[in-house]
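A short worksheet on the structure shown next.
Any read-out appearing in this document is the output of simple, stated calculations on the displayed coordinates, not a laboratory observation. Computed from a predicted structure; not experimentally measured. Cβ placement follows ideal geometry from the backbone for every residue including glycine, while neighbour counts extend to all protein chains displayed.
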Amino acid sequence: MATVVEQLAKGAHVAFIRLRSLGDCVLSTPAISLLKNHRPDLCIGVVVEPRFAAVYRDNPDIDAILKPEIGAIRKFAPRLAINFHGGTRSLLLTLASGARFRAGFEHYRYAALYNAAMPTAQRILGVERKVHTAEHLASAVFYLGVPAAEVPRAKVVAARGDRRAPYAILHALASAPDKTWPAGRFLEIARYLREHCGLDPVFIGAPSDDLSPFRPFRTFTGPLEESKTLIAGASLFLGNDSGPAHLAAALQVPVIVMYAASDPVVWAPWRANAESIVARDGIGSVEVAQLIQALDRILLKA
């Protein structure tokens, strides 16, 4: 029996629905690359909230970036819609897309509404271990008909800023307190970077973030497009487990990330020069000395 991908006519439109969350958007790009490499004739669109659209902008695998609106996806007229988000809103967009094939994982709510329901990544990949998020999403395109292959790096395209004065990006914020390393320790690391590594620390955040505790150093709270450029020019990224770490990894910046409330097996930077520090007793148990040791190791490899 022909696979879904085999049934797509030449030049058919495919919509990936990945509404939000910076890290999830970044980690969807390997699956998109796998499909595009296998069927370069397909026209691929990504349905994403405008605040995260910069993740996909200028990616040569992506032909259209669509607002998460029924009218936009209907106009794009996908033959295949793949729900990578899993929520109710993304389900409605998938159903309203008019696509002949509507794909979603069997563990999603209302899975019976997908006519191309996909089993777990473990079943698709033939493994029993935990799988990384990039592998999980890539397994979807394998199930739909892309030949199984090594899952590539995440792909994000950014202009590179002025690198005459080397700098390090520090992301000291996170989505929850149990993922957020104390601000005072970030300041200690910033001083170490400046005094011992010759790197100017730059603390980054979203436009709505308060970076006032880090004002002794340079701070940046700008739109994602500008953050991409800033991160792309950095010599190092150091931060909590959060979306900007995945962005840095995709831009091939050496990364150090601290984990406490999430599993690095599932969420570590994918195929990157990275150090993952796991806090077994909560994020506050990570000592400055551990970060300094990781810094010395990763800068030696860079």
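Annotations
- Of the peptides 121-131, 96-106, the order by per-residue mean of other Cβ atoms within 10 Å, starting with the highest, comes out as 96-106, 121-131.
- Debye-sum result for region 45-195 in log10 I(q)/I(0), which assumes one identical scatterer on each alpha carbon, at q = 0.11, 0.12, 0.15 Å⁻¹: -0.62, -0.72, -0.97
- GNM remark for the chain: springs join alpha carbons under 10 Å apart, and the peak mean-square fluctuation among Leu251, Leu170, Leu113 falls on Leu113.
- The angle between the Cα long axis of helix 133-144 and the main principal axis of the chain comes to about 10°, on a 0 to 90 degree scale.
- Net charge of neighbours whose Cβ lies under 15 Å from the Cβ of Gly23, counting Lys and Arg as +1 and Asp and Glu as -1: +3
- Other residues lying with their Cβ under 14 Å from the Cβ of Ala9 contribute a combined charge of +2, Lys and Arg counting +1, Asp and Glu -1.
- Label assignment, log10 I(q)/I(0) by the Debye sum over Cα atoms at q = 0.07, 0.16 Å⁻¹ derived from the structure, set (1) -0.28, -1.24; (2) -0.28, -1.36; (3) -0.24, -1.37: (1)
- The H on the amide N of Met118, modeled in the peptide plane, is under 5 Å from the matching H of Gly104, Phe105, Glu106, each at least 5 residues off or on a different chain.
- Candidates Leu236, Leu92, Leu247: whichever shows maximal mean-square fluctuation once the chain is modelled as a Gaussian network with Cα springs under 10 Å: Leu92
- Of all DSSP-defined beta bridges confined to the chain, some 0% are antiparallel rather than parallel.
- For region 249-302 versus region 4-72, the inter-centroid distance based on Cα atoms is 29 Å.
- Folded to 0 to 90 degrees: helix 183-196 orientation relative to the chain principal axis, Cα: 70 degrees
- The chain: Lys pairs at Cα distance under 14 angstrom, eight or more positions apart or on different chains: 4
- Taking a ≥ b ≥ c as the square roots of the eigenvalues of the alpha carbon gyration tensor, region 167-301 is rounded, as a/c is under 1.5.
- Estimated 222 nm signal from helices in the chain, with DSSP H stretches of n ≥ 4 weighted -39500 (n - 2.57), rounded to 500: -9500 deg cm²/dmol
- When the chain is treated as a Gaussian network with alpha carbon springs shorter than 10 Å, the biggest mean-square fluctuation among Ala138, Ala260, Ala249 belongs to Ala260.
- With the highest mean first, a sort of the peptides 14-26, 221-233 on other beta-carbon atoms found within 10 angstrom per residue produces 14-26, 221-233.
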